[in-house]
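Structure record follows, encoded as structure tokens.
The values are calculated or read from the model by the stated rules, or taken from the named source; none is laboratory data. Nothing here was measured: the structure is a model prediction, and the numbers come from that model. Here the Cβ positions follow ideal geometry from the backbone for every residue, glycine too, while neighbour counts run over all protein chains shown. Note: accessible area is taken over every heavy atom of the protein model, side chains too, but ligands, DNA and RNA are not part of it. Shrake-Rupley method; radii C 1.70, N 1.55, O 1.52, S 1.80 Å.
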Amino acid sequence: MATFFPHHHISFFGRSFAELLQCYGLDKDELLGESILDCSAGPSSFAAEANRIGISVTATDPRYYRTPEALESLASSDYEEVFQKVRETPELISKHTFSTVEDAETDRYSALEVFLKDYRRYFAVGRYVPGKLPSLPFEDASFDRVLCAHFLFVYENSFPFLLDSLVELCRIAKKEVRIHPVVNNKGEMHPDLAQARKELEKTGYKSEVIQVDHEFFKGTDKTLVIERA
């Protein structure tokens, strides 16, 4: 069966601020003045664009110890691989968010350029922090919201890793955690989602799966929202 992303490694791949807002079902106005952690952020332009308009975003990713030049090289390779995969599997693609693959490619390469410029300028002042789930270098309740896209459910993570990562994200968030999408790499509802939600409920969190106005890969139109009960 065809899958969204290559299995051999986690792609260093990102999206724009506008697209990620759609993924999470959020409006930029409700985030103004808040502090947000973008986790497993990759080369997205979320932090760069958000900070410009008064939303305090810190981005974290395991690869942020690398130089801008190294990240640019890695992203170039992974973007080429991902878009080649997309073109080979048109049956996986929805035209809800982008009319064509070329439109998506243009938008995401633009976001990459914004990220690289911002990373060069703001890495030294702590906007981009090296960090890897399930143990992140932040204090309890460090951010109003914690957001994580295109990592936890779409890759083949074990249930212990998945649950530990969700608990870790909840530890850092004052208000809520949002995870997008909630399907696995084949576009199917993740088999561990229900059990993970039950385990979170035992530790004092409530959760719901919401419909969002975004779908690039078919089935990626839902987001998990977790709040303190």
Give region 78-111 a look and list any residue that's of a type in the set (Ser, Thr, Tyr) and either in contact with a strand residue (DSSP E or B) (Cβ under 7 Å, 6 or more places away or on another chain) or open to solvent by less than 40 Å² (accessible area, probe 1.4 Å) (or both), or say none. TYR79, THR89, SER94, THR97
Can you name every residue in region 81-112 that is under 15 Å from ALA18 (Cα atoms), in a helix (DSSP H, G or I) and touching a residue at least 40 places away in the same chain (Cβ under 8 Å)? ALA104, ASP107, ARG108, SER110, ALA111, LEU112
Count of residues meeting criterion [under 25 Å from HIS9 (Cβ atoms) and either surrounded by fewer than 24 Cβ atoms within 10 Å (Cβ to Cβ) or out of contact with any strand residue (DSSP E or B) (no Cβ under 8 Å at 6 or more places or on another chain) (or both)] in region 139-151: 2
Looking at SER158, SER142, SER135, SER110, which one is in contact with a Leu (Cβ under 9 Å, 6 or more places away or on another chain) and of a type in the set (S, T, N, Q)? SER142
What single numbered condition from (1) at pLDDT 95 or above; (2) among the acidic types (Asp, Glu); (3) in a helix (DSSP H, G or I); (4) within 22 Å of PRO130 (Cβ to Cβ) fails to hold for ASP78? (1)
Picking from ALA75, ALA50, ALA59, the residue that is touching a Cys at 6+ places or on another chain (Cβ under 9 Å), among the small types (Gly, Ala, Ser) and either more than 26 Å from VAL146 (Cβ to Cβ) or surrounded by 14 or more Cβ atoms within 10 Å (Cβ to Cβ) (or both) would be ALA59
Enumerate the pairs (first residue in region 204-215 and in contact (Cβ under 8 Å) with a residue 40 or more places away in the chain; second residue anywhere and open to solvent by 30 Å² or more (accessible area, probe 1.4 Å) and part of a strand (DSSP E or B)) with beta-carbon separation below 7 Å, excluding pairs fewer than 6 apart on the same chain, so at least 6 apart or on different chains. ILE210/LYS222; GLN211/LYS222; VAL212/LYS222
